[in-house]
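First comes the structure, then the notes that go with it.
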Amino acid sequence: MAAEAGSAAEGSGAGGGGVGRSKVDLERLRQMRVARQPIAMLTCYDYPTARILAECKVPLILVGDSAAMAVLGEDSTVPIGMDFLVTITRAVRRGAPGAYLMADMPFASYPDVPTATANAARFMQEAGADAVKLECDGRHVPIVAALAAAGIPVCAHLGLLPQRAGQLGGYRAQGRTLAAAERITQDAVNLWRAGAALLLLEAVPDAVSAAVHEKVDCPVLGCGGGPSCDGHVVVLHDLLGYTAKPARFVEVMGDVPAAVRAGVSAYVAAVEKRSYPAAKHQYTMKSER
């Protein structure tokens with residue numbers, strides 16, 4: 001236990017988010033909004049990657065249901081389930097104990113207040129999450145209010161809702177007409193008034209984000225939401241070059257697949273040429289007396 005606690009303390013310092021505290025909390029995110037200090041947010045799905053994000057001082061990490069597509073190769077986020085997300089959220093928590101950790105509520109995990117409360121509580125109790133994220137519209141006001149009353153911080157996700165892509169006609173930008181923009185803005189305000197601690201706007205015009213930001217008093221995060229948002233999130237695998245055709249709002253800033261290919265190709269060649277394993281990789285028999 002002592003060694004485990006020591007490791008957590010060390011990781012906590014690494015994951016401080018560059019904001020002057022060993023553990024990023026909701027109050028610090030609110031302060032960043034007031035100070036107009038942009039909040040960098042990324043998805044993460046495993047322990048070793050979480051450690052790297054902590055070293056890079058990423059203050060806000062999302063264990064997204066996007067793992068269904070980015071990690072499991074599914075065509076949508078719908079197939080991923082609670083147990084899997086709880087497990088990987090716990091792994092990310094161990095790797096980045098100092099970050100503010102948000103967990104995605106998967107498809108059909110919040111159809112009513114009792115089910116939503118029970119499932120959200122699992123992320124808090126079993127996985128160590130700091131908040132849960134729900135894909136929302138105005139109909140989710142009672143659920144958000146109930147979770148807030150239960151002490152569970154909620155991020156209300158509006159705009160493009162991947163879990164409902166089938167209803168929306170695909171992965172398309174939202175809020176591009178005046179009526180749609182006004183609906184998203186009013187839903188955001190109502191969800192914030194119901195107790196949402198954060199808002200996330202995906203694939204909406206910056207004018208929508210600006211309108212929401214003006215009317216609420218909580219951090220507004222954007223996933224293709226434009227510069228008016230307090231922070232921005234992209235899928236890490238999109239950022240690092242794993243995705244053939246990333247979304248318009250993604251800037252590819254690394255080529256991790258190239259590094260993996262180089263390392264794997266070198267290993268395969270070494271095995272085939274019998275240069276691996278070499279003498280330095282082998283164990284020897286102990287001499288007996």
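The values are calculated or read from the model by the stated rules, or taken from the named source; none is laboratory data. From a predicted model like this one, the values you see are computed outputs, not experimental measurements. Note that each Cβ is placed from the backbone with ideal geometry, even for glycine, and that neighbours are counted across all protein chains shown.
Observations on the structure shown:
- Failed item, numbered, when Asp187 is tested on (1) touching a strand residue (DSSP E or B) at 6+ places or on another chain (Cβ under 8 Å); (2) over 26 Å from Ala145 (Cβ atoms); (3) acidic (Asp, Glu): (2)
- Subset of segment 96-145 that is among the acidic types (Asp, Glu) and closer than 17 Å to Gly195 by Cα - its residue that is farthest from the chain's Cα centre (by Cα): Asp112
- Put simply, of Ala127, Ala91, Ala70, Ala120 the only residue that is of a type in the set (A, V, I, L, M), touching a Phe, Trp or Tyr at 6+ places or on another chain (Cβ under 9 Å) and under 18 Å from Leu147 (Cα atoms) is Ala120.
- Condition met for Ala150 (in contact with a Ser or Thr (Cβ under 9 Å, 6 or more places away or on another chain), surrounded by fewer than 22 Cβ atoms within 10 Å (Cβ to Cβ) and touching a residue at least 24 places away in the same chain (Cβ under 8 Å)): yes
- The residues in segment 276-289 that are exposed (fewer than 10 other Cβ atoms within 10 Å of the Cβ) and either touching a residue at least 60 places away in the same chain (Cβ under 8 Å) or part of a loop (DSSP other than H, G, I, E, B) (or both) can be counted, and the count is 9.
- Criterion (among the β-branched types (Val, Ile, Thr), touching a Lys or Arg at 6+ places or on another chain (Cβ under 7 Å) and at pLDDT 95 or above) met by exactly one of Val113, Val24, Val86: Val86
- Residue selected from segment 201-225 under the condition in contact with a His (Cβ under 9 Å, 6 or more places away or on another chain) and part of a loop (DSSP other than H, G, I, E, B), by the criterion nearest to Met69 (Cα to Cα): Gly224
- Filter pass, Leu134 being in contact with a Phe, Trp or Tyr (Cβ under 7 Å, 6 or more places away or on another chain), part of a strand (DSSP E or B) and either closer than 28 Å to Ala50 by Cα or not hydrophobic (A, V, I, L, M, F, W, C) (or both): yes
- Residue within segment 69-76 that is surrounded by fewer than 18 Cβ atoms within 10 Å (Cβ to Cβ), over 24 Å from Asn190 (Cβ atoms) and among the small types (Gly, Ala, Ser) present: yes
- Test set (1) at pLDDT 95 or above; (2) of a type in the set (Gly, Ala, Ser); (3) more than 16 Å from the chain's Cα centre (by Cα) - Ser287 fails condition number: (1)
- Selection from segment 226-262 of residues that are surrounded by fewer than 16 Cβ atoms within 10 Å (Cβ to Cβ) and either at positive phi or assigned to a helix (DSSP H, G or I) (or both): Val256, Pro257, Ala258, Ala259, Val260, Arg261, Ala262
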